[in-house]
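For reference, the structure is listed below as structure tokens.
Just so it is clear, none of the values below were taken in a lab; they were calculated from the coordinates. Keep in mind the model is a prediction, meaning the values are calculated, not measured. Ideal geometry is used to build each Cβ from the backbone, glycine not excepted, and the neighbour counts take in all protein chains shown.
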Amino acid sequence: MKMTDGEAKRQELVKLAGLLAPSQGYNPTALAGVRILRTEAILHDVPVLYKPGAVFVLQGRKQGMLEGEVYLYDEEHYLAVSVPVPFRMESSASAERPLLAVYVEFDMLLAAEIASEMETRRPEPTAGRARSLISSRMEPMIEDVVLRLLRTLRDPVELAVLGAGILRELHYRVLVGPQGGAMISALQQQGISGKIVGSLARLRETYSSEISVAALAREAGMSVPSYHVHFKALTGSSPIQYVKAMRLHEARLMIARQDKTIAEVAASVGYASPAQFSRDFKRHFRRTASQEASWVRQHLGELV
């Protein structure tokens with residue numbers, strides 16, 4: 001039986017992703033911010049913290065869990081991330097049918113430029129309530145851009161000439177998708193949730209320093225109780241829990257690189273006590289730091 005155009009496109013996507021990701025874990029590409037994941041493992045309840053961008057699963061299945069809500073990203077859906085939030089993830093894969101996924105980390109300056117251009121050119125409002133994670137159906141136009149991106153990554157000449165333009169188009173397609181309003185609100189930091197997004201940006205720069213929730217609330221122009229409520233609504237965490245997760249995920253990468261002692265890593269992410277760091281780390285990842293470092297190198301590869 002002859003394949004449909006959609007089936008042929010899907011087959012080509014999987015083939016190209018497989019060629020671009022020969023190794024287990026994250027495979028870097030020649031385009032900054034674009035990585036391709038290959039994994040044969042079935043994973044359960046793994047803590048993750050994605051940067052803003054989108055994840056396109058071309059073969060296999062993933063789902064994220066945050067505050068009781070499930071976000072599916074599989075062969076029919078992609079995940080858009082407007083603000084980095086810690087959540088739990090599980091995935092399905094096998095040696096015969098490995099999970100293949102394209103991770104695109106947003107260029108935030110480019111995304112903001114596109115959002116501003118959209119706002120100028122379109123009379124109707126595009127912004128909505130900022131949300132951290134959004135699962136959307138993989139529409140043909142998005143699939144087409146991802147396919148062209150993978151084709152271009154296989155050809156150095158096309159990459160040099162077309163790569164930046166295709167990546168820009170992919171940013172645009174995500175921003176005009178079902179999740180676009182939420183992502184634009186996060187980019188433009190509009191309204192109350194926009195003030196929380198601004199706080200998250202500051203926390204990203206200062207997470208290793210002492211954190212004052214009262215100071216963060218004051219900067220956002222809110223009372224401390226109101227700040228807590230709106231912070232948790234966007235991130236699923238309290239401010240202190242969020243900072244702790246950020247510190248632990250940064251520490252995880254440092255430990256996997258094996259260029260610092262545990263005490264040095266703990267201090268560099270803001271822990272005064274290495275013992276407290278080790279307790280928090282094991283509670284969060286459910287493995288000791290050395291066990292987690294081995295797991296990261298085995299499953300995530302070039303991420304480290």
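Express in whole angstrom the spacing between the alpha-carbon centres of segment 38-98 and segment 250-304.
Value for the Cα centre distance between the two parts: 22 Å.
Measure up K51/K232; K15/K62; K232/K260; K62/K260 against 21 Å on the Cα-Cα distance and list the ones that go over.
Going by Cα-Cα distance, K232/K260; K62/K260 fall outside the 21 Å limit.
For a protection proxy built on the mean count of beta-carbon atoms within 10 angstrom, sort 186-196, 223-233 highest first, please.
For the peptides 186-196, 223-233, the packing ranking is 186-196, 223-233.
Within segment 91-120, which GluC sites (Glu not before Pro) sit in a loop by DSSP and count at most 13 neighbouring Cβ atoms inside 10 Å?
E96
With labels modelled as points extended 7 Å from the Cα through the Cβ direction, what inter-label distance (nm, one decimal) is found for T120 paired with S94?
Here the modelled spin labels are 5.3 nm apart.
Between S226 and Q11, 0.36 nm times their residue separation minus their Cα-Cα distance comes to what?
Taking S226 through Q11 to full extension adds about 72.5 nm, to one decimal.
The list (i) 47, 44, 37; (ii) 123, 67, 32; (iii) 62, 51, 36 gives values of Cα extents along the principal axes in Å, and only one came from this structure; which label was calculated from it?
After the calculation, the listed value that fits is (iii).
Once the piece of chain linking E264 and S238 is laid out straight, how much longer is it, given 0.36 nm per residue of separation minus the C-alpha distance between them?
So the chain would gain 6.7 nm between E264 and S238.
Across segment 160-219, how large is the tail of the calculated P(r) beyond 16 Å, expressed as a percent of all Cα pairs?
So the portion of pairs separated by more than 16 Å is 59 percent.
Relative contact order of segment 243-304: what whole-number percent is it, with Cα pairs under 8 angstrom and at least 6 residues apart?
So the answer I get is 36 percent.
Work out the FRET efficiency for R202 and T288 from their Cβ-Cβ distance, taking R0 = 22 Å, and round it to the nearest 0.05.
0.10
When Lys and Arg each count +1 and Asp and Glu each count -1, what net charge do the other residues less than 10 Å away from E219, Cβ to Cβ, add up to?
Result for the neighbourhood of E219: +3.
Counting only C-alpha contacts under 8 Å and six or more residues apart, can you give the relative contact order of segment 5-187 as a whole percent?
After rounding, I find 24 percent.
Going highest first, how would you order 255-264, 28-37 by mean Cβ packing within 10 Å?
Top to bottom by mean Cβ count within 10 Å: 28-37, 255-264.
Count charges around V46 for me, please; just the other residues with Cβ under 9 Å from its Cβ, Lys/Arg as +1, Asp/Glu as -1.
-1
In nm, give the distance between the simple-model label positions of M141 and S23, each being 7 Å from the Cα along the Cα-to-Cβ direction.
Placing both labels 7 Å beyond Cα along the Cβ direction yields 3.7 nm.
Taking the Cα centre as origin and putting +1 on Lys and Arg beta-carbons and -1 on Asp and Glu beta-carbons, what dipole magnitude results for segment 79-186, to the nearest 20 debye?
240
R0 = 30 Å: FRET efficiency of A164 with A275, Cβ-based, nearest 0.05?
It comes out at approximately 0.05.
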